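**Q** Dropping the structure in here first, questions after.
The values are calculated or read from the model by the stated rules, or taken from the named source; none is laboratory data. Here the structure is a predicted model, which is why all the values come from computation and not from measurement. Here Cβ is always computed from backbone atoms with ideal geometry, including for glycine, and neighbour counts include all displayed protein chains. Accessible surface areas use protein heavy atoms only, side chains included; no ligands, DNA or RNA. Shrake-Rupley method; radii C 1.70, N 1.55, O 1.52, S 1.80 Å.
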Amino acid sequence: MKQTLKSSTLSVWILIMALLFLSTAPTYAQTDPTATPTPDQPLVGGRLAEANPAAAQALTISTVEPATISQQTGGTLTILGTEFTAESYVRMIGFGILSTTFINNTSLTAIVPAGVGTGSYQIEVSDGTNAALWDGTVSITAPAAPTPIPGPTNTPSPGGLSVSGVEPAEVNRDTGTTITVFGSGFTADSAVRLVGAGVLQTSYVGPSTLTALIPPDYPPIDYQLQVIRGGDSATWEGGRLRLFIPPTPTPRPSTGGASTTLTAPDLLVQNTSYDRNPIQPGDSFILTFDLVNIGGRDAKNVKVTFNSPDVAVPAGTGNSQFIELVDDAEGGAVTVAVPLIALNSLAGGQYNLAVALTWLDADGRSYNGTANVGLTLGAAEPTPTPTPVVSAKPRIVLSDYSVSGLVEPGGRFNMGMTVTNESEADAKNLMIKFGGDSADSLAPFALINSSNIEFVASLPAGESMQLTKEFIVSGAANPRPENMALIFDYEDGAGATFQSPYSVSILIERLPQFQINFFDKPAFVQVGQPLDLSVEIFNIGSNTINVNTIDMEVNPKPADVTGPIGTIFSGPLGGGTSISVNGFVVPEEAGPTEIIISINYLDDLNQNKVVQEVLLLNVEEGDSFGSKSLFDENGNPIAPDDGFEPGNPGAGIDGEADPTTTRIFQIGGILLGLLAVVFVGLRIARRKS
């Protein structure tokens with residue numbers, strides 16, 4: 001019964017766990033891989049994407065241009081919208097994914113290759129997760145004559161974005177060119193757009209200047225120009241950018257002779273000269289040259305622009321000049337004079353001044369050209385060095401300093417110094433800074449009951465002052481020389497500031513820690529009594545001491561010494577270890593006796609040093625027995641020959657018998673006899689048994 005209940009309970013738990021697993025398992029939408037995408041169901045990652053209202057709100061497409069692309073040449077699409085990323089890509093439904101370039105979060109460009117089949121295509125933008133479909137279509141058409149595409153109505157741009165000018169305003173459609181766009185509010189992600197053609201390859205020059213590349217073979221029409229920055233845009237209100245087809249030569253009417261060919265105007269820069277020679281860096285000068293028309297038609301509205309700001313800049317005028325007409329008569333020319341200033345930073349040598357030319361013909365067609373004008377600069381004239389005016393200035397010096405006290409880890413010491421004004425001018429507001437401006441070099445020292453700055457209101461010329469400071473050494477300091485920065489800041493009477501830096505050197509030493517004692521100090525010492533001098537030297541510190549020799553001396557020195565009193569050789573003595581020195585002397589005089597222990601060692605700086613310790617003993621007068629010493633002159637016990645009877649143990653000092661002693665000997669003899677009788681009886685009894 002119990003086993004059945006346990007099995008039922010286990011089955012219930014397994015069933016509950018299975019239900020929980022199934023309730024939390026993800027579900028996947030079933031898609032038909034052969035289904036055709038619709039505008040409401042874009043293709044994402046090779047499969048039909050599910051409807052996602054949140055994604056549709058985040059990723060949008062507002063404009064795709066141009067709306068028409070030639071099948072013969074292909075072209076570049078510009079897609080405007082929101083929430084574009086670097087992972088976004090453009091798909092032309094029915095053809096495939098296009099080569100996509102991310103401009104910013106509101107702009108993409110995509111290349112439509114030549115040869116795509118004609119027809120209308122839907123445009124989709126996707127980032128692999130979300131997708132958006134444009135509600136219009138792009139038409140791929142067979143080659144046809146281009147027609148002007150009207151631009152959108154301009155709307156004011158927020159955020160200070162504006163377009164004030166475009167140079168050049170007319171571009172040869174056969175060659176294309178780089179245009180310069182002027183305005184304000186430009187940023188690194190700004191892009192230039194030709195409305196109806198798309199976004200151009202744009203370079204950011206500065207907040208007021210952009211350049212954009214117009215490729216050849218764009219349709220030759222007038223374009224409205226815009227600058228796009230994020231979600232903002234600004235339109236050029238000064239006109240439209242014209243792309244023109246260069247004219248072909250047409251015959252000039254006959255004048256009775258041979259027919260001539262009418263050519264375009266062509267301008268050259270000739271006969272250059274300068275108003276001064278030599279020209280030094282930083283000089284103002286006037287450049288003069290002739291602008292000669294060697295073409296077959298008049299050049300109108302000629303613009304001359306100087307584009308060498310790294311060599312010379314215009315003096316009092318802009319960098320452009322305008323000439324109304326340069327006719328095509330033989331030798332027709334106009335003289336141009338331009339005031340310039342050579343940059344002061346240049347070195348002597350040869351430089352080029354770049355001159356850019358633009359002009360129109362009688363039909364309004366635009367032309368351009370360039371020329372380089374040589375400029376020779378002489379070496380810059382050296383700036384004369386003014387003769388210094390000598391005036392009295394205060395000069396504070398550290399005349400002397402000294403250190404007294406214990407300069408070791410954890411020790412305290414005093415540093416005294418002499419500060420002198422070695423000048424003929426008084427020093428005001430003197431500040432003496434120990435450790436430098438920020439006291440960084442004060443470690444491992446610290447001032448006691450004082451700051452690191454000492455203020456002195458005035459130190460007259462030629463006078464000195466004494467200063468003493470108390471310091472403590474860090475317990476973690478290492479034994480070595482340490483440098484401490486010392487700075488004197490002061491002023492003269494006019495308020496000019498001066499500084500005198502110094503560095504003082506302080507030697508940190510680590511003294512050994514020895515404990516020197518007798519092994520067993522005698523409590524009573526007599527004259528003539530041999531004295532065992534056993535001394536222990538204990539290193540109670542934590543560092544090893546490199547001990548060379550240990551000297552032991554006795555003062556006053558006795559005539560007889562037995563034992564190693566003198567010098568012994570040792571070696572390194574580790575922390576917590578000891579060494580002993582032994583010797584024997586016989587004091588000859590009563591009174592205080594000094595035992596002098598001298599330890600010779602090498603310190604951390606490899607210098608010989610000595611530690612000396614004095615142990616004191618008090619020697620008493622020697623005892624006598626019947627006016628005779630107990631020891632002879634060699635320190636040996638005296639034999640009992642005088643006043644003793646070696647053959648008569650009962651004899652006293654005077655030789656007579658002592659009754660008490662005799663009685664003791666008699667009783668002892670009786671006891672020994674009794675013991676002998678008992679011993680013999682025990683032996684006999686053992687044999688009988």
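**Q** So if R0 is 35 Å, what FRET efficiency would N606 and S450 give, r being the distance between their Cβ atoms, rounded to the nearest 0.05? All intermediate terms of the calculation are to be shown ahead of the outcome.
**A** Numbers: r = 35 Å, r/R0 = 0.99.
Here the calculated transfer efficiency is 0.50.
**Q** How much FRET efficiency would the formula 1/(1 + (r/R0)^6) give for Q201 and S345, where r is the Cβ-Cβ distance and R0 is 25 Å, rounded to 0.05?
**A** Details: r = 33 Å, r/R0 = 1.32.
The computed FRET efficiency comes out at 0.15.
**Q** Rounded to the nearest angstrom and ordered from largest down, what semi-axes does the equivalent ellipsoid of region 459-506 get from its C-alpha gyration tensor (root of 5λ)? Can you show the working numbers first?
**A** Working: eigenvalues 191, 34, 17 Å².
They are 31, 13, 9 Å, listed from largest to smallest.
**Q** Sticking with this one: Which residues in region 106-124 have a backbone N closer than 20 Å to a point placed 7 Å from the Cα of Y89 along the Cα-to-Cβ line?
**A** Output list for this probe position: 106-114, 116-117, 121-124.
**Q** For a Förster distance of 45 Å, can you work out the FRET efficiency between the beta-carbons of M431 and T544, rounded to the nearest 0.05? Display every interim value, and only then the final one.
**A** On the way: r = 45 Å, r/R0 = 1.00.
About 0.50, to the nearest 0.05.
**Q** Starting from the 7 Å offset along Cα-to-Cβ, what nm value, one decimal, do you get for the label separation of S62 and D532?
**A** That separation, rounded to one decimal, is 11.1 nm.
**Q** Based on the alpha-carbon gyration tensor of region 80-146, what equivalent-ellipsoid semi-axes (square roots of 5 times the eigenvalues) come out, in whole Å, largest first?
**A** Values: eigenvalues 104, 29, 24 Å².
Semi-axis lengths for region 80-146 are 23, 12, 11 Å.
**Q** Also: Once the piece of chain linking N307 and R276 is laid out straight, how much longer is it, given 0.36 nm per residue of separation minus the C-alpha distance between them? Don't jump to the answer; show the numbers that get you there.
**A** On the way: separation 31, 0.36 × 31 = 11.16 nm, distance 2.17 nm.
Using 0.36 nm per residue and subtracting the Cα-Cα distance, I get 9.0 nm.
**Q** Turning to a different aspect of this structure: Measure off 7 Å from each Cα along the Cα-to-Cβ vector at I667 and T175, then give the distance between these two points in nanometres to one decimal.
**A** 15.5 nm
**Q** By what distance, in whole Å, do the Cα atoms of region 157-204 stretch along each of the three principal axes, largest value first?
**A** Per principal axis, max minus min of the Cα coordinates gives 37, 20, 18 Å.
**Q** Give me the orientation-averaged projected area of the Cα convex hull of region 464-564, in nm², one decimal. Please report the intermediate quantities before stating the final value.
**A** On the way: hull surface 52.6 nm².
Approximately 13.2 nm², given one-decimal rounding.
**Q** Please get the size of the charge dipole for region 467-543, origin at its Cα centre, with Cβ charges of +1 on Lys and Arg and -1 on Asp and Glu, quoted in debye to the nearest 20.
**A** 240 debye
**Q** Over 13 Å, how big is the tail of the calculated P(r) for region 388-442, in percent of all Cα pairs? Don't jump to the answer; show the numbers that get you there.
**A** Numbers: 1099 of 1485 pairs.
Summing the P(r) tail past 13 Å for region 388-442 gives 74 percent.
**Q** Let me ask something else. Taking all protein chains in place and a 1.4 Å probe, what share, in percent, of the accessible surface of region 419-514 do carbon and sulfur account for?
**A** On the way: 2230 of 4770 Å².
Within region 419-514, the accessible surface is 47 percent carbon and sulfur.
**Q** Also, I was wondering about something else. Length gain on complete extension for the stretch D222 to N104, per 0.36 nm per residue less the alpha carbon to alpha carbon distance? Display every interim value, and only then the final one.
**A** Details: separation 118, 0.36 × 118 = 42.48 nm, distance 2.66 nm.
Result: 39.8 nm gained on full extension.
**Q** Report the label-to-label distance for N319 and K393 in nanometres (one decimal), using points 7 Å from each Cα along the Cα→Cβ vector.
**A** In this crude spin-label approximation the distance works out to 4.4 nm.
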